[in-house]
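The values are calculated or read from the model by the stated rules, or taken from the named source; none is laboratory data. Quantities reported herein were computed from a predicted structural model and do not represent experimental measurements. Every residue, glycine among them, receives a Cβ derived from its backbone with ideal geometry; neighbour counts consider all protein chains shown.
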Ligand SMILES: NC(=O)c1ccc[n+]([C@@H]2O[C@H](COP(=O)([O-])OP(=O)(O)OC[C@H]3O[C@@H](n4cnc5c(N)ncnc54)[C@H](O)[C@@H]3O)[C@@H](O)[C@H]2O)c1
Ligand SMILES: [Zn+2]
Ligand SMILES: [Zn+2]
């Protein structure tokens, strides 16, 4: 079968690989129909995620149809349309029992990381009863695939960890798919003002159309001054970092109000400095989180009922044969006016 294979930083190609097989009785094999690319995959291409080895099939997001199930899989059968969660969880270990599925001792973030991922014709899903979600046969796949990673990430690592409250002034640094998913889910908690910060004017325009009251292009290095002006020098109650760079983490540290919460979402490949000389007296809370995807069922209901318009995060469509072009488009998002690029597996 064809799959998108990682070899080394900036070296990926669409090539023939062996079909995945059921290895454990709790596995399922899913035929992929729709997949996409995450900002984390861009970090992988930059060499920021050292766990990814030469030969790995990339990506943790996908929708497909169950092809085969192991003997112990009870919730799914051949022919079911399914959403694939990025998180693999056994449901039994001490971390799973605490709801920290991303740290499952037998799973965690495996797809496109420690095991082959979804940018292939078929993928093996361990603990399929936990990692798959049944979709109605007519479910919109563009909307559904936004639930594999970015919507649970925005909600759990950004909105919930940041403890967004009604009336808050919040800032989101990074208007990529994850930052925009954070924006959409933060609105469930009625913040009074959302300030979106990025260097891509197109994504900032999209943020405005999604409900950001203010947008700031931080390319001039003046994000701090602009946020202070917008908040009467108070700073923001919650700031969410959705980029993964030292510079953007610095913006978060500089604009947080006393008593506020900084929720880091971005994957960091390099150290950042914690400005404790400024923060020690500010009563702030700093959180980090790898998405657990425990909110996927709830978000799926919202998407299927039309309460959450996930499809509007999609900007481009590609066929699997053009997947390398899809990476180029997403990598050069500002130039291409790209947000989430969806890849269809119909035609390889
Ligand atoms: N914690 C988790 O579990 C988790 C899960 C998924 C993704 N992530 C991470 O979330 C982050 C965002 O993901 P994404 O898919 O939206 O990525 P993305 O690369 O599409 O978006 C990043 C955004 O940051 C902006 N940006 C880049 N440099 C900037 C700068 N100096 N100042 C301001 N803005 C800048 C870009 O213009 C872009 O809009 C990534 O780091 C990704 O790895 C974390
Ligand atoms: Zn992701
Ligand atoms: Zn577990």
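Could we say that residue 199 is outside the structural domain of residue 307 (by TED's automatic domain parsing), crowded, with 24+ Cβ neighbours inside 10 Å and in contact with a strand residue (DSSP E or B) (Cβ under 7 Å, 6 or more places away or on another chain) here?
Taking the combined requirement at face value, the residue does not satisfy it.
So how many residues does region 213-236 have that are without any contact (Cβ under 8 Å) to a residue 24 or more places away in the chain and in a helix (DSSP H, G or I)?
Residues meeting the conditions: 5.
Can you pull out the residues in region 38-89 that are more than 16 Å from residue 118 (Cβ to Cβ), within 16 Å of ligand 3 (Cβ to nearest atom) and either within 16 Å of the chain's Cα centre (by Cα) or surrounded by fewer than 24 Cβ atoms within 10 Å (Cβ to Cβ) (or both)?
Result: 72, single match.
Which members of region 158-172 meet the condition of being touching a strand residue (DSSP E or B) at 6+ places or on another chain (Cβ under 7 Å) and closer than 21 Å to residue 312 by Cβ?
158, 164, 170, 172
Working carefully through the options 234, 207, 219, find the one that is over 16 Å from residue 287 (Cβ atoms), more than 13 Å from ligand 1 (Cβ to nearest atom) and either under 24 Å from the mean Cα position of the chain (by Cα) or surrounded by fewer than 17 Cβ atoms within 10 Å (Cβ to Cβ) (or both).
Of 234, 207, 219, the one residue that is over 16 Å from residue 287 (Cβ atoms), more than 13 Å from ligand 1 (Cβ to nearest atom) and either under 24 Å from the mean Cα position of the chain (by Cα) or surrounded by fewer than 17 Cβ atoms within 10 Å (Cβ to Cβ) (or both) is 234.
How many residues, within region 104-115, are buried (at least 18 other Cβ atoms within 10 Å of the Cβ) and away from ligand 2 (no atom under 16 Å from the Cβ)?
Counting residues in region 104-115 that are buried (at least 18 other Cβ atoms within 10 Å of the Cβ) and away from ligand 2 (no atom under 16 Å from the Cβ) gives 1.
For region 151-165, what are the residues that are farther than 11 Å from residue 240 by Cα and within 9 Å of ligand 1 (Cβ to nearest atom)?
Once the filter is applied, which keeps residues that are farther than 11 Å from residue 240 by Cα and within 9 Å of ligand 1 (Cβ to nearest atom), region 151-165 yields 152, 153, 156.
Of all residues in region 248-267, how many are in a helix (DSSP H, G or I) and within 23 Å of residue 291 (Cβ to Cβ)?
Total satisfying the criteria: 5.
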